[in-house]
Each structure stands twice: as C-alpha cells, then as structure tokens.
1. In segment 148-157, is there at least one residue being more than 12 Å from ligand 1 (Cβ to nearest atom) and touching a residue at least 12 places away in the same chain (Cβ under 8 Å)?
2. Applying the selection to segment 244-274, what residues are of a type in the set (A, V, I, L, M), away from ligand 2 (no atom under 16 Å from the Cβ) and under 15 Å from the mean Cα position of the chain (by Cα)?
3. Return a yes/no flag: does segment 296-305 have any residue that is crowded, with 17+ Cβ neighbours inside 10 Å, out of contact with any Gly (no Cβ under 9 Å at 6 or more places or on another chain) and at pLDDT 95 or above.
4. Can you run down the residue pairs with Cβ atoms below 7 Å, 6 or more apart or on separate chains, where the first is in segment 119-132 and basic (K, R) and the partner is more than 16 Å from ligand 2 (Cβ to nearest atom)?
5. Could you check how many residues of segment 88-115 are surrounded by 14 or more Cβ atoms within 10 Å (Cβ to Cβ) and more than 13 Å from ligand 1 (Cβ to nearest atom)?
6. Could you tell me which numbered condition H163 fails, if it satisfies all but one of (1) surrounded by fewer than 20 Cβ atoms within 10 Å (Cβ to Cβ); (2) in contact (Cβ under 8 Å) with a residue 60 or more places away in the chain; (3) part of a helix (DSSP H, G or I)?
7. For P246, work out the one condition from (1) assigned by TED's automatic domain parsing to the domain that holds A146; (2) closer than 28 Å to P183 by Cα; (3) touching a Ser or Thr at 6+ places or on another chain (Cβ under 8 Å); (4) not polar (S, T, N, Q) it doesn't fulfil.
8. Scanning segment 258-283 for residues that are more than 11 Å from ligand 1 (Cβ to nearest atom) and at positive phi, which turns out surrounded by the most Cβ atoms within 10 Å (Cβ to Cβ)?
Amino acid sequence: MHNEATQKGVFQAEVLSNQQIRRCYYRLNMKFDARGSRLFQNVLPGQFLEMDLSAISLPDETQIPENLKDKASRQVMLRRPFSFSDVIITPTADGPCVKVEILYCVLGPATVRMMSLKKGDTINILGPLGNGFSIPDHLTHALLIAGGMGSPPILHLASHLKHHNPNVEVVSFIGARNIEDLPFTVRIGNFKGLVLEEFELIRVPSHIATDDGSAGFDGFVTDCMRHWLEDNKIDPKASAVFACGPEPMLAGTAKLAKDYDMPCQVSMERMMACGIGLCQSCAVETKKDDNHTEYQLCCKNGPVFDAEKVNFHAE
Ligand SMILES: Cc1cc2nc3c(=O)[nH]c(=O)nc-3n(C[C@H](O)[C@H](O)[C@H](O)COP(=O)(O)OP(=O)(O)OC[C@H]3O[C@@H](n4cnc5c(N)ncnc54)[C@H](O)[C@@H]3O)c2cc1C
Ligand code: FES
C-alpha cells in the first residue's frame, strides 16, 4: 500500500492572497485542503505542482500588460507547472495544514489569468511532482544560485536548510537582467551593499547580480559567485552548489562548480504538458557512462539533476 505522504494527487487549494510585488511579478498564497496537505507534508524544495487555470477569467483589460494583449485571450488547455518560494506546514488535531507561496512572472495566457485570482477563490492542483533537491550528508557550505524566474525554489531551499540543517552555512547568489526582474525586495544591508529582504529575514546572506548593473554586481551571477569563491576558501568536499534558472546560467554554474571540484545540482526548466511522465514533452539529454546519451524526463526524473550528468544546450 502507498503512503499518501509520498504520492501525488489532485486536490483543491484556496487562495489566501495574490499581490503584485514588481512590474511583472506576483506573490500568490494558498492553503491546501486536507488531502493536499497530507500529500504535501514532506514536500522538498525543487518539487513542483501543476495548476489548472483553464476556468479562471481574464483580469480587466486595463490590467493586461500591453505586450500580452494579443495572446492573453488564448485558451489555457494544459495545466501549468510552478514551484514554491515557501511552504508552511502546521500540525493540527485533524492532520497537517499546508500553506504555500508561489512567486509568478506574468508571461502568457495562464499567468495573465492568475493576476485575477483573489482571496477565497479555489484552484485545482496536481502534485507534488518531481524529485526536488537532495541535501548531501556532512555538508558544511551550501551555495545557492538562481537566475530570474528560477529564484523561488532557491528561497524555499534556503529556508529548508536553515530549518533542517542549521549547521550548514548557506550563501545565496541571485541574478536577473535588471533590478525590475528580481522577484524580491532589494534593500541596503547593515554591513554591506544591497541585499534581498526575503533572504535577510531567514538570515541567509544574499549577493545580487544584474546583467545591466542596475543593482549589485554588474554582470552574470556566475561571475559574482566566482569572485566570492576566489575570496572565500571553503572545503569543496563538504560543499555543494544548488542552482535554478535559465539553461545558459545552469551550464555556467555547472562549469564553475567543476572548476572548484564541488558537486552541483541543477533544477532544469522545460515546457511541460502532462507533468507526470506520460507525454514525453519535457526531455533532458543526459550522459551515460559509456559516452552515450539518454533522454530523461524533467517532470519525473527531475527537475533536479546532477549537473555532471546533463548535456546542456546553452547558447
Ligand atoms: C518545474 C517548473 C517550475 C516552475 N516554477 C515557476 C515559478 O515558481 N514561477 C514562475 O513564474 N514560473 C515558473 N515556471 C514557469 C511557468 O510554468 C510558466 O511561466 C507558465 O507555464 C507560463 O504559462 P503562460 O500560459 O502564462 O505562458 P506561455 O504562453 O505558456 O509561455 C510564455 C513564454 O514563456 C516561456 N516559457 C513558459 N514556460 C516555460 C518553461 N517551463 N521553460 C522555459 N520557458 C518557458 C516560453 O518561451 C513562452 O513563449 C516553472 C516551470 C517549471 C517547468
Ligand atoms: S511533461 Fe509530460 S512527460 Fe514530462
């Protein structure tokens, strides 16, 4: 018999709040029903859910971003995948109660519809899906690196490590094209330059990098981490890198981790149709021992992969 805590399933979530935090970023908080709470009680950072947004109506015409006006009205047939920036599990007399936070970027017909979600609305959810990050034994340093839309599960991982592995020193590196594309609150830190409030709140140092230099390090987030590694000597055997973001950034991170002889896990992004290993639309090319390659499914075998095993297709 399967234990429900290790299974996935379909259930309802109630919207608690849905707030705009940046030009195209929103923060959605939801509470799961009893079944969803049981299914998610052992959820790992990097795992994700699929939301059915087909019945959600469009927001008012004036709220739809100009560049999305044409495609906003397209039918939303397939569920959409999202990871979490935070998961709160509260034990109650009736079992666990799970609340999750999703940071989403408005990009197309489904995420435009999400803008109109309000307190009390219900959404049909499938999850939890995928494997999530795994924390190696004897870890002393965890280097977390994210780019743009890949940042939410990295925040979740940061708070998970603080809670479950308090002896691990966690440092985060968050990159974006510019300050507006950072899905967090930038502010001046006490002892150094700009920091991200969401990481400050859980006492995880954050290093910001922007491609256009509008906040923090002027350049790629991988170069920011390389500088940090040059200045801070850490034991590579007791350290690990955890990454989520666009594929070129993941490829750069994998190379950097290899240069420093550190293990590295990357959370890959693929367009996903089913989310449960049926449609084969989310293939990731991986290396096999004998110089051959094989395709694995991002939704089922991933989204988190050992960086050494991935054949990146980065420009
Ligand atoms: C495991 C996983 C976790 C995710 N977590 C988050 C999250 O926490 N927050 C968030 O904002 N988004 C997340 N996404 C991406 C999110 O699923 C898409 O942005 C969403 O499906 C877009 O739907 P749409 O109809 O609004 O736009 P669409 O019209 O479907 O897409 C708009 C454009 O965005 C790009 N795009 C959409 N989905 C992907 C993808 N999976 N990979 C690469 N490019 C894509 C495409 O270029 C497309 O043209 C995640 C995706 C995956 C696979
Ligand atoms: S999304 Fe269908 S197999 Fe992965």
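The values are calculated or read from the model by the stated rules, or taken from the named source; none is laboratory data. Computed from a prediction, not measured in an experiment: that's the story for all the values here. Backbone-built Cβ (ideal geometry, glycine too); neighbour counts: all protein chains shown.
1. Yes; the residues of segment 148-157 include at least one that is more than 12 Å from ligand 1 (Cβ to nearest atom) and touching a residue at least 12 places away in the same chain (Cβ under 8 Å).
2. Filtering segment 244-274 down to residues of a type in the set (A, V, I, L, M) leaves 249-251, 254, 256-257, 262, 266, 268, 271-273.
Narrowing further to those that are away from ligand 2 (no atom under 16 Å from the Cβ): 249-251, 254, 256-257, 262, 266.
The answer is M249, L250, V266.
3. There is at least one residue in segment 296-305 that is crowded, with 17+ Cβ neighbours inside 10 Å, out of contact with any Gly (no Cβ under 9 Å at 6 or more places or on another chain) and at pLDDT 95 or above.
4. K119/V15; K119/L16; K119/S17
5. Summing the residues that are surrounded by 14 or more Cβ atoms within 10 Å (Cβ to Cβ) and more than 13 Å from ligand 1 (Cβ to nearest atom) in segment 88-115 gives 5.
6. Failed condition: (2).
7. (3)
8. Taking the candidates together, the pick is G277.
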